[in-house]
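Heads up: the structure comes next, in structure tokens.
The values are calculated or read from the model by the stated rules, or taken from the named source; none is laboratory data. For clarity, every value in this text was computed on a predicted model and none was experimentally measured. Reconstructed Cβ throughout: ideal geometry from the backbone, glycine too, with neighbour counts over all protein chains shown.
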Amino acid sequence: MRLLYLCADRRMALLGSSGAAVHIRHVAAALERRGHVITIACARLGNGNPPPDVESVIELPRADDEELRDLLARTAADAVIESYCLESGPGRRATAAVGIPLILEVGAPLLSGTRRCCGFLELAQPLTAQRWLFGTSDHVTVVSRALADYVRRSSPDVKVSLVPNGVDAPRFAGAVPDDLGLPPDALVVGYVGNPKPGHGLGDLIQAFAHVAVRHRRAHLVIVGSCPEGDSLARSLELTDRVHLLGTLPHARVPDVVARFDVAVAPYRQSASFYFCPIKLFEYIAAARPVVHPGLGDIPELVGLSGVSYPAGDVTRLARALEALLDDPGRRTAISARSRRRGVPWSWDDTASSLESLAFGPSVAFTSP
């Protein structure tokens, strides 16, 4: 079958490091490996990572109705998978015009944050557009149960399925640890991601300040864009113990994660915690002990592959890190459990679920 994978988001670069970009690249490549012919159309190509191994990748800055109808004709697409964004809409109109299905992937509650900064009149039009898009899509997929609730509040009768993010498990399981220029006996607490408000990276750095006093071998490694991390590390006099690697090509991330002794996802509490963090799947695939807050779907995803602490509690986060750094036997036991259990979800799982929604029930998928 021929599929068009559409992302009209002008803020997201397909070849960038965001979770959404990683998701699209890996799912599209997995669909191609499963025998489909995939064309990706994105508003912005960007750089930083190689394009996925698919039939073609097209930069389509405007992605209006006419352009998309022409693209559907040129590619002879049998269905469209669209990554939901504020620019979504033309994809639904184009697919309706030619009579093919649209599967809409919702990865974030885009308008819930807008409520706090826009007046009602400013928000009324995008809410109406969102309700129409959710309600007319042939199927909506979400990466968390909180997002399923969000979609249903907008369009109660919509068909929605839980299809989580995934991971390239063999690559992370077989990674060769990067020494990162650290002492051979360093104990590494690690974080991967491009932190935003609510991701809790400041909590992690402050917690590590407590840990660093007792554990002279401990180092904190942060992968991702973190402009405020350097100033916070300086204020806490931790510049020799906190290592900001910046944004890396995703192909290098497995070897960095393999060097972690403890991996952290320090999210803070929010009114509706909707995340399905790719970093968690990567940590688990690499068999790294995961320290996490017990929010949303995270406890179920992590299971016995980590330990939890109350979200936003810097003291308890520090204690959780210290407990693992103090006990190499416990870290080894958690790693062994992760290897026996395997990852909760792979990119091939995601691709097979989308395939079943677009072309028929070839495999089972989870419904929230």
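Things to note:
- Within segment 25-47, the residues that satisfy the criterion of being among the basic types (Lys, Arg) and either surrounded by fewer than 20 Cβ atoms within 10 Å (Cβ to Cβ) or not assigned by TED's automatic domain parsing to the domain that holds Gly91 (or both) are Arg33, Arg34, Arg44.
- Taking segment 168-179 as the range and being within 17 Å of the chain's Cα centre (by Cα) and within 16 Å of Ser335 (Cβ to Cβ) as the test, the residues that pass are Ala169, Phe172.
- The residues in segment 35-54 that are in contact (Cβ under 8 Å) with a residue 40 or more places away in the chain and either closer than 17 Å to Arg10 by Cα or over 21 Å from the mean Cα position of the chain (by Cα) (or both) can be counted, and the count is 3.
- For segment 7-43, residues that are farther than 21 Å from Cys276 by Cα and touching a strand residue (DSSP E or B) at 6+ places or on another chain (Cβ under 7 Å) total 9.
Residue-wise test of (1) hydroxyl-bearing (Ser, Thr, Tyr); (2) in the same structural domain as Glu105 (by TED's automatic domain parsing); (3) in contact with a Phe, Trp or Tyr (Cβ under 8 Å, 6 or more places away or on another chain).
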| position | (1), (2), (3) |
| --- | --- |
| Gln125 | no, yes, no |
| Thr141 | yes, yes, no |
| Ser155 | yes, yes, yes |
| Ser161 | yes, yes, yes |
| Pro184 | no, no, no |
| Gly193 | no, no, no |
| Val221 | no, no, yes |
| Cys226 | no, no, no |
| Asp230 | no, no, no |
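- Meets criteria (assigned to a loop (DSSP other than H, G, I, E, B), in the same structural domain as Asp297 (by TED's automatic domain parsing) and touching a Lys or Arg at 6+ places or on another chain (Cβ under 6 Å)) for Leu238: no
- Screening Ala108 on (1) farther than 28 Å from Gly166 by Cβ; (2) surrounded by 17 or more Cβ atoms within 10 Å (Cβ to Cβ) shows it passes everything except condition (1).
- Selection status of Val314, under 20 Å from Pro254 (Cα atoms) and among the hydrophobic types (A, V, I, L, M, F, W, C): no
- Any hit, segment 215-235, residues being over 29 Å from Asp327 (Cα atoms) and crowded, with 18+ Cβ neighbours inside 10 Å: yes
- Residue within segment 272-294 that is surrounded by 14 or more Cβ atoms within 10 Å (Cβ to Cβ), modelled with pLDDT of 95 or more, among the hydroxyl-bearing types (Ser, Thr, Tyr) and within 24 Å of Pro170 (Cβ to Cβ) present: yes
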